[in-house]
Amino acid sequence: MIKTCVIGHPILHSKSPLIHNYWIKEHGLDGSYKAVDVACENLESGIRDLVEKNYRGFNVTIPHKESVMNLCDDVDETAQQIGAVNTVVIEGGRLKGSNTDAFGFIENIRSHAPEFSFAAGSVVVLGSGGAAKAVVHGLLEHGAPEIFLVNRTKEKALILAESCLAPDKVSIIDWDERSKILEGAAMLVNTTSLGMDGQAALSIDLALLPRDALVTDIVYAPLHTELLKVAKNNGHKIITGIGMLLHQARPAFNAWYGVMPEVSAELEKMVQS
Ligand code: ATR
C-alpha cells in the first residue's frame, strides 16, 4: 500500500483527496490519499510521523508551503525559485521537495487554449502572493515577453519581481492603474483572493483589454467569478481556476505512484461539485 496525504490547516475543504483517490482507483493502484490537519506548531512532528508511518509522500498546502522548505533535505530548482514547496517525496527517510503549481497553471491554459502562445504578448498578473510567484515563474519559463505585475502592496510585487526568473521582463504597476495597463495585453490573470466566495469583489474595467486576450482566474470557488463572467460577456476566451488545481496534482501523483494521470471530463466535473 502506497500511503500519501495532504497536510495543511485548515484542511477539511481540500479537494486533493478526491483527485488523488480518483486516480488511484482509475489506475487500479494499491494506495491511499488522506487529508491530515497539521497546525503550524506541529509541522515538524507531523512530518516525522508521516516518515515513521512509511508514507511515500505528501502535498503541502496553506499555511505550510514556505515553512516546509526548511524541513526538506532537498528542494528542487523550481521550488527554490518560487520559494515554496507543495509536493514532497519521501525516499529512505529523506524529504525531497518540489513545486508543481507553475506546471498546473501552464497545463490548465494549454489544455483549454492549445492555440495560445505564451510568447504572444504581455501578460497582466494581478496579485503578488504565493500563487502569483508560481504563475510568474510558469509564464517566464514559457516565453512570456513581458509581465505587468499589479499588486495593492507594491513592496511585495517588487520582492517577487527581484527574485523571479527574469526580473528584466517584469514591470511593477500601481494597483490603481490595473484597468489602464490592460491595453495591448495578450492575457490577464487574477491571482488575488478577490472574487472568491466570502471575499470582496475584484473591481476592474476590461474595456481596454484586446478582445482576443485570454482571461483566467486562479480563484475556483465560485468557478465562474465576476471577472470571468464579465470577460466572457465581452467576448474573451476564459479559463477557470479549477484546472490549475487538477493539473498541479498530476506530477505529484506521478512522483509517488509512477503513473502520469490525465484530467478527464468526469474528474473535472466531480471536483466542481
Ligand atoms: P496566495 O498564496 O493564494 O497567493 P496570499 O499570499 O495571501 O495568497 O496573496 C493574496 C493576494 O491577494 C495578494 O496579492 C494580496 O495583495 P497584498 O499583497 O496587497 O496583500 C491580494 N489581495 C487580497 N485582498 C485584497 C484586496 N482587498 N485588494 C487588493 N488585493 C488584495
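Values in this text are rule-based calculations from the coordinates and carry no lab data. Computed from a prediction, not measured in an experiment: that's the story for all the values here. Here the Cβ is made from the backbone with ideal geometry for all residues, glycine too, and neighbour counts use every protein chain on show.
What dipole magnitude, in Debye to the nearest 20, does the range 102-240 give about its Cα centre under +1 on Lys/Arg Cβ and -1 on Asp/Glu Cβ?
Values: 12 positive and 16 negative charges, 38 e Å.
Using only the charged Cβ atoms, the result is roughly 180 debye.
Once you charge only the Cβ atoms, +1 for Lys and Arg and -1 for Asp and Glu, what is the size of the charge dipole of the range 1-126 about its Cα centre, to the nearest 20 debye?
Numbers: 11 positive and 16 negative charges, 68 e Å.
It comes to approximately 320 debye.
Is the shape of the range 132-273 best called rounded, prolate or oblate, per the rule: a/c under 1.5 gives rounded, else a/b larger than b/c gives prolate, else oblate, with a ≥ b ≥ c the square roots of the Cα gyration tensor eigenvalues? Please list the in-between numbers first.
On the way: a/c = 1.83, a/b = 1.27, b/c = 1.44.
Judged from the Cα gyration tensor, the range 132-273 comes out oblate (a/c at least 1.5, b/c at or above a/b).
State which entries of LYS65/LYS156; LYS237/LYS269; LYS65/LYS180; LYS65/LYS154; LYS156/LYS232; LYS65/LYS269 exceed 24 angstrom in Cα-Cα distance in the structure shown. Please list the in-between numbers first.
Values: LYS65/LYS156 17 Å; LYS237/LYS269 20 Å; LYS65/LYS180 33 Å; LYS65/LYS154 22 Å; LYS156/LYS232 30 Å; LYS65/LYS269 27 Å.
Violating the 24 Å limit, Cα to Cα: LYS65/LYS180; LYS156/LYS232; LYS65/LYS269.
Rounded to the nearest 5, what is the percent of antiparallel bridges among the DSSP beta bridges in the chain?
Details: 8 of 41 bridges.
Roughly 20 percent of the beta bridges in the chain run antiparallel, per DSSP.
Students often check this: by mean Cβ neighbours within 10 Å, which of 169-177, 191-199 ranks highest, and how do the rest follow?
Values: 169-177: 15.4, 191-199: 17.4.
Ranking the peptides 169-177, 191-199 by packing returns 191-199, 169-177.
Which shape class, rounded, prolate or oblate, goes with the chain when its Cα gyration tensor gives a ≥ b ≥ c as root eigenvalues, a/c under 1.5 marks rounded, and past that a/b bigger than b/c marks prolate? It would help to have the intermediate numbers written out before the result.
Values: a/c = 1.96, a/b = 1.58, b/c = 1.24.
Cα axes put the chain in the prolate bin.
Round to the nearest 0.05 the FRET efficiency obtained for MET1 and SER117 when R0 = 41 Å and r is the Cβ-Cβ distance.
On the way: r = 44 Å, r/R0 = 1.06.
Result of the calculation: an efficiency of 0.40.
Which of SER117, LEU158, PRO145 sits farthest toward the positive end of the charge dipole of the chain, with +1 on the Cβ of Lys and Arg and -1 on the Cβ of Asp and Glu?
Of SER117, LEU158, PRO145, it is SER117.
Dipole magnitude of the chain about its Cα centre, charges +1 at Lys/Arg Cβ and -1 at Asp/Glu Cβ only, in debye to the nearest 20?
Values: 24 positive and 33 negative charges, 96 e Å.
The calculated dipole for the chain is roughly 460 debye.
Just report the Cα centroid separation between the range 1-57 and the range 197-212, whole Å.
One Cα centre to the other: 36 Å.
Let me check I've understood the local charge: for ALA166, count other residues with C-beta under 13 angstrom from its C-beta, Lys and Arg +1, Asp and Glu -1. What total comes out? It would help to have the intermediate numbers written out before the result.
Numbers: positive: LYS169; negative: GLU141, GLU146, GLU162, ASP168.
Spelling it out: positives minus negatives among the neighbours equals -3.
Could you check the spin-label model distance between LYS180 and ILE159? Points 7 Å from the Cα along Cα→Cβ, value in nm.
So the label points at LYS180 and ILE159 sit 2.7 nm apart.
Using packing as a proxy for protection, rank 208-215, 3-10, 152-159, 24-31 so that the peptide with the highest average count of other Cβ atoms within 10 Å comes first.
Result, highest mean first: 3-10, 208-215, 152-159, 24-31.
Return the whole-Å distance between the Cα centroid of the range 64-100 and the Cα centroid of the range 142-161.
What the calculation gives is 24 Å, centre to centre.
Please arrange MET244, MET270, MET187 by how many other C-beta atoms lie within 10 Å of their C-beta, fewest to most.
Values: MET244 28, MET270 13, MET187 25.
Least to most surrounded, the residues fall as MET270, MET187, MET244.
Given the Cα-Cα distance of LYS25 and HIS142 and 0.36 nm per residue of separation, how much length would full extension add, in nm? Display every interim value, and only then the final one.
Details: separation 117, 0.36 × 117 = 42.12 nm, distance 3.30 nm.
Taking LYS25 through HIS142 to full extension adds about 38.8 nm, to one decimal.
Assuming R0 = 22 Å, what is the FRET efficiency of ASP74 and LEU18, from their Cβ-Cβ distance, to the nearest 0.05?
In this case the efficiency is close to 0.15.
Using only helices, what value at 222 nm comes out for the chain when you add -39,500 (n - 2.57) per DSSP H run of length 4 or more and divide by the total residues, to the nearest 500 deg cm²/dmol?
Values: 9 runs with 93 residues, N = 273.
Value at 222 nm, helices only: -10000 deg cm²/dmol.
How much length, in nm to one decimal, is gained on full extension between GLU266 and LYS229, taken as 0.36 nm per residue of separation minus their Cα-Cα distance?
Details: separation 37, 0.36 × 37 = 13.32 nm, distance 2.34 nm.
Residue separation times 0.36 nm, minus the Cα-Cα distance, leaves 11.0 nm.
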